[in-house]
Amino acid sequence: MKSKILSTIKIKNLAKKYFIFLILAGVIILGSFSNPIFMTLRNQRNIMLDFSIPFILATGLTMVILIGGIDLSIGSIISLSGLVVGMLLPKTGILFAIIIVLLMGASIGALNGFFISRFTILPFIVTLSSMIIWAGVALILTKSIPVPITNPSFRVIDHGSILGIPLPWIYSLVIFILAIIFLNFHPTGRRIYQIGNDEETARIAGIKVDKIKIGVYMLNGTIAALCGIIVTSRMKLGDPTSGGDFLFDSIAAVCLGGTALGGGQGGVIGTLGGVLFMLNLKNILILNDVSIYIQDVFRGAIILISIIILNIQNQRRK
Amino acid sequence: MIETKPNNYIEMQSIVKRYAGNAVVDHVDFFVKRGEIHCLVGENGAGKSTLIKILSGIVQPDEGKIVIGGVPVRIDHPSIAHKLGISLIPQELNLLNRLTVGENVFLGVEPKNSLGLINWEELYRKTENQIYEEFAIKIDPRELIDDLSVSSRQLVMIARALRWGSQALILDEPTARLSKEEIKKLFEIVKKFREKGGTVIYISHHLEEIQEIGDRVTILRDAKKIITEKVEDLDLEKIIGYMIGEKKGTTISSKKVEEHDKTDKKILLEVRGICNEKVKNVDFDVYEGEIVAIAGVTGSGRSEIAKTICGIDSREKGEIKLLGKKLNIRKPDDAIKSGIIYVPEDRKSQGLFLKMPVFKNILLNTKTLENLSKLGFYLLQVFKSTARKFVELLNISIPSLGVPCGSLSGGNQQKVLLGKWLTMNPTVIMLDEPTRGIDVGAKFEFYEIINKLAKKQNKGIVLISSELPEIMKLADRILILKKGKIVNTYFKKNLSEAELLNLITTIEVENAEKD
C-alpha cells in the first residue's frame, strides 16, 4: 500500500521535473496535425541536422545557469571563434587552429568568471559587456568581411560522418553523456548544484566557490568556441555575425528544460527537451509558411507562456 | 590574565565586540567543558547571538582570545570553526533545499569510488543508517529538503555536523518552531550526543528547557557575563533575577500607574479569532487611550499578529472591528484607509526611503498625498509646511527638511517613520520594536511621544517589544503570547518585570494534556 502511494508521488515528481517533454509531445502532435510533411522521416532528419550546435551550446549554458549565473557572451564567442579559426587555418593547419581557438574560448570564459567571482559583479552585467566587447573585436579583425574557408578538410568537422551517422550527432552524444556523468556523479559537478542552491552554505562547507565558478565559465567559453568551429565548418565561412540568434534560443531551451534561472536545480536532460522543443516549434512555423517576423513573435510568446507555467508549478511547491 | 583550565574544551576569554561604538559583547568570559550541555541565556540584546557568531566564525571579535582544547585559535570563517569541530545549528537552517537529505549530510565529504565518482548507493545507505542509529528516526535519504518538516531539517543539519566530525554543537533557539513531541525527540538526541562525549552550547529563551537539559548555564545581561553556574544550583527565580538584574523574589508590583478606568472609554479595536499559519485564534481589544503590549519570546508570533490584522500577512479566519464597524482587510491599503497602521520593525528596509528627503518621507502615503494635492499636482510649500508641523510635534532634530533620511540618526529616523504614519491620523497604531537600536536619550523621548499619542490624542496603541523594561514603562495591559496564542492578559500594575519574564519564558501547562 505504502509503495503504491510512493510510486504515484514519484511519477508526479518526474512529470514535474521533465514537464518539458510533455510540452514537446504536445507540440509534435500539433505539428503533425498542422502539416502532413511534419512527421515525415525527411523532415525530422532535417530538424535533427540542426540539432547539434544549439544542443552543445545549451549544455554549456545549463551548467552556468545551474551555478546561479548566466552567460550572455556565448554568441559573440561563437562569432569570434569562427572567424579566428578561419584566419588561422591557412597559417597553422586544422589541429592547431582548433586548439588555439578552444584556448581562446576558455580564456574569455575565465575572464568572465574572474570578474563575476572575485569582484562579485552580477553575471548579467559582466557577460553583457563581454558580449559587446568580443563582438566588436570580431568586427575589427575582419573589417566586417567574412573569412572564407579554403581548406577542404575542415569541412569534415561538420559534414563528415561515421557509419552514416553525422559527426555533429556524435559530438552531441559524447558531450551529453559526459555532462550527465559530470553533473550527477562527479564531485565537482555536484558542487555546481550545491553552489547554485546556496552559495553561503557551500562556502561554510569549505567548498572553493570562486574557483569552481571560474571553472564553469571557462568550460562554457570553451564549449561556445567549439560551437563556433562547427558553425564555421558548416557555413564554410568565418562570419563575424554568426553568433547572433544562438543566445536567445539557448537561454530559452535551458529555462524551458526546467533549469531555473536561480540555479540549483535542473539538468541537461531537461535541456535536451528544451532544444528539441525549440527546433520543432521553428520547423512547424516554417512549414506553415509563417513569416519570419511573426515567427519571432510566436516563439517569444510560447516561451514566455511555457516559463510562466513552469513557474506556477514551482510556486505551488512552496 | 586568565589561566586556561585543563578540562575546558572551549574558552572565550574576555571577548569584546563593538558596533558603532557600543559594546554588544563586553569583556565576556565564556568557558565550556567537554561533554557538557552548557546553556547560554539572556534577554534580547544581551549579547548571546553575537557571542556565538564569534565562536562559529561568522563575526570577528574586536578584543579577546579563543582557545580550543588548549590551543589558541583564530576563527576567521565558519569553515575554520568546522575544522575545529564546532558546528552552529542556526535558527534559519542553512541547507541546500533543492537537493536530497543524503547530499546535504555528506556535503563536501561524499564517498567516492575508484574512478573518483560519487558512490551514491553508499552515500544514501550510510545516511539512512546514520540517522536511524543516532536519532532512532527513519528519514528517506533521497527526499528533498524542501519536502521535509522543520524538525526533520534540523536533524539533517545535526547529522551533517556529526558527519563533519563535530564535537561541539551550538544550538540557537532550536525549539522555536517545534512541537512538544519534536522537542522531546531533540532532547533525547542531544543527551545521547553528550553521552558519547559531545559538547553542546544551548541557547534558549525557554527557561524550563534549560532546567530539563542543561548542566551549566551562563547568563548574560547588557553585554556582560553575569554568572556561570550549575543548573541544579539555580532555580527559575534566580535565573530570571540575574537576567534582568532585579533582586530575587520580587512579587510587589513596581511603578505607580496613571489609574485607567476602562469602563468609560470607547473601544477602538476588536480582534476576534484571527487565524493563519502563525497566529492561533487571537482575541483582544484595544480601548481609547490605551497602550496594549504584546509580550512573548522570539518566534511566538508577535509581529505576525500585527501584520495579519493590517493586511500584510494573509488572514484565514477572524474578524476585525474598528469603532464598532466590521472591517474587511485583505491588503495593507485597506488597513491604512480604515485607520489602523503598522509601523514595522525594520525601519531601514520596511519603512523609510533612505535616499529621499525627510519631508517626502513624512508625506509619502496615499491618504496624505490625496489630501494635499490639487488635480493630482502638489504645491511644494504646502508639502513642506505640513511636514514641518510633524517635525515639531515629534521634535525631530534635522538641519533642514530636505536632507536625505539615511543621514539621520536611528532615533530621528524612527521619528520620521512615525511622523509618516501620523499624518494619516490613524485610530490605532501598532508599533513593532519602536526603539530598537536607538540610544537611551532618544528612547525616553519616544516613550513620551507614545504616551502623548495615547493619553492626549486618545489613540489606541499596540506595542510589540522584546524589551521588557519598555513594556513595563509604557503598557497599560500586557498580552502574553506563546506560539501564536494569547494565553493570558494582565494589567501592568499587577505585574513585576520579573514576573513578566517568567510568564513569557515558561511553558504553559495545557489543561487537557499532561506530560
Assuming 0.692 mPa s and 37 °C, estimate D for chain B with Stokes-Einstein, Rh taken as the Kirkwood radius over Cα pairs, in µm²/s. 130 µm²/s
Taking springs between alpha-carbon atoms closer than 10 angstrom, which of A:Ile157, A:Ile294, A:Ile99 fluctuates most in the Gaussian network model of chain A? A:Ile294
Have a look at B:Leu418, A:Leu72, B:Asn451 and report the one farthest towards the positive end of the charge dipole of the protein assembly as shown, computed about the Cα centre with Cβ charges (Lys/Arg +1, Asp/Glu -1). A:Leu72
Given an 8 Å cut-off on Cα distances and at least 6 residues of separation, report the relative contact order of chain B as a percent. 15 percent
Kirkwood hydrodynamic radius of the range B:138-242, from inverse mean 1/r over distinct Cα pairs, in Å: 15.2 Å
Could you run the Karplus curve 6.51 cos²θ - 1.76 cosθ + 1.60 with θ = phi - 60° over the range B:228-238 and give me ³J(HN,Hα) per residue in whole Hz, x for Gly and Pro? 10, 8, 5, 4, 5, 8, 10, 10, 4, 4, 5
Which whole-number percentage describes the relative contact order of chain A, with Cα contacts under 8 Å and a sequence gap of 6 or more? 34 percent
With the dipole of the protein assembly as shown worked out from charges on the C-beta (+1 for Lys and Arg, -1 for Asp and Glu) around the Cα centre, which of A:Thr259, B:Ala442, A:Ser161 lies farthest toward the positive end? A:Ser161
The range B:129-188: which trypsin sites (Lys or Arg not before Pro) are DSSP loop and have at most 10 other beta-carbon atoms within 10 angstrom? B:Lys138
Spelling it out for B:Leu220: with amide H atoms placed in the peptide plane at 1.01 Å from N, the residues 5 or more places away or on another chain with amide H under 5 Å from its amide H are B:Val41, B:Gly42, B:Ile226
Whole-Hz ³J(HN,Hα) from phi, Karplus 6.51 cos²θ - 1.76 cosθ + 1.60, for the range B:63-80, glycine and proline x: 9, x, 10, 10, 10, 10, x, x, 10, x, 9, 10, 9, 7, 8, x, 5, 6
For chain B, what does the helix formula give at 222 nm: sum of -39500 (n - 2.57) over DSSP H segments with n ≥ 4, over the residue count, nearest 500 deg cm²/dmol? -9500 deg cm²/dmol
Taking the Cα centre as origin and putting +1 on Lys and Arg beta-carbons and -1 on Asp and Glu beta-carbons, what dipole magnitude results for the protein assembly as shown, to the nearest 20 debye? 1400 debye
Can you list the HN-Hα couplings for the range A:182-199, worked out from phi with the Karplus curve (6.51, -1.76, 1.60; θ = phi - 60°), rounded to whole Hz and with x for Gly and Pro? 4, 6, 9, 10, 8, x, 5, x, 5, 4, 4, 5, 5, 5, x, 6, 7, 4
Mind checking which of A:Ile214, A:Ile195, A:Ile292 has the largest fluctuation in a GNM of chain A, springs on alpha carbons under 10 Å? A:Ile292
About its Cα centre, how strong a charge dipole does chain B have in debye, to the nearest 20, once Lys and Arg get +1 and Asp and Glu get -1 at the Cβ? 1680 debye
Which one, A:Pro90, A:Leu281, A:Ala202, projects farthest toward the positive side of the charge dipole computed for the range A:50-311 from Cβ point charges (K/R +1, D/E -1)? A:Pro90
Estimated distance in nm for a label pair at B:Val487 and A:Ile308, the labels positioned 7 Å out from Cα along Cα-to-Cβ: 4.9 nm
Once the mean 1/r over all distinct Cα pairs of the range A:50-311 is inverted, what Kirkwood radius in angstroms do you read off? 18.7 Å
Net dipole in debye of the range A:152-235 [+1 Lys, Arg Cβ; -1 Asp, Glu Cβ; about Cα centre; nearest 20]: 140 debye
Are any of the pairs B:Lys53/B:Lys192; B:Lys17/B:Lys196; A:Lys12/B:Lys112 more than 27 Å apart by Cα-Cα distance, and if so, which? B:Lys17/B:Lys196; A:Lys12/B:Lys112
I need the semi-axes of the equivalent ellipsoid of the protein assembly as shown: take the C-alpha gyration tensor, multiply each eigenvalue by 5, square-root it, list largest first in whole angstrom. 57, 35, 27
Going by C-beta contacts inside 10 Å, put B:Asp235, A:Asp198 in order with the fewest on the left. B:Asp235, A:Asp198
Which of these, A:Thr232, A:Thr259, A:Thr201, has the largest mean-square fluctuation under a Gaussian network model of chain A (Cα springs below 10 Å)? A:Thr201
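Each reported figure results from applying straightforward, stated rules to the coordinates on display, with no laboratory input. It should be emphasised that the depicted structure is a prediction, and the values quoted were computed from it without experimental measurement. No Cβ is skipped: glycine too gets one built from the backbone with ideal geometry, and neighbour counts run over all protein chains shown.
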